[in-house]
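A short write-up of the structure that comes next.
Each reported figure results from applying straightforward, stated rules to the coordinates on display, with no laboratory input. Please read these numbers as outputs of a predicted model, since none were measured by experiment. Note: ideal-geometry Cβ built from the backbone for every residue, glycine included; neighbour counts use all protein chains shown.
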Amino acid sequence: MTFPPLRRRRVSAALTVAGLAVTLGVSAGVGADALQPSPALADAPPAADFYNPVLKGADPSIVRDGDVYYSVSSDAEGIWVRRSTSLATMSDGVVQKVWEPDDAGSLCCNVWAPELLLIRGEWYIYFAADL
């Protein structure tokens, strides 16, 4: 993968920030009445609960590498990676614990939203945690 020269990235970032500032400036000038939901939306029934057809649990992260799918999840006991050749059978896939809190309580029980990343042939897991 080739990255653009640093100068081009700076110009691109500056244009993005300028565009965002213009958008926010225009939005800030909108009257309070325009920010209220329309009567049709206000009277709409609440949305139904979503059922994840692949796996139960919050904050799903699934990566495909060739013909294999990998998912990562967390709970109070650690971070788990699941492997399957099909999304339809992901819940029956091979599961392996890849991280667990140490006895001192380091990051214990407050780990969530792990994300599995494949970068230049190396696997990484990024997650949020309270200390």
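Using Cβ counts within 10 Å as a stand-in for footprinting exposure, how do Val68, Val54, Val94 rank, fewest first?
Val94, Val68, Val54
Going by average Cβ density within 10 Å per residue, which order do the peptides 61-67, 81-87 take, highest to lowest?
Per-residue mean Cβ counts within 10 Å order the peptides as 81-87, 61-67.
Calculate the tail of P(r) for the stretch 61-129: the fraction of all Cα-Cα distances greater than 15 Å, expressed in %.
53
Calculate, for Trp99 and Val54, the FRET efficiency according to 1/(1 + (r/R0)^6) with r their C-beta to C-beta distance and R0 22 Å; round to the nearest 0.05.
0.50
When Lys and Arg each count +1 and Asp and Glu each count -1, what net charge do the other residues less than 15 Å away from Val98, Cβ to Cβ, add up to?
Surrounding charge for Val98 is -3.
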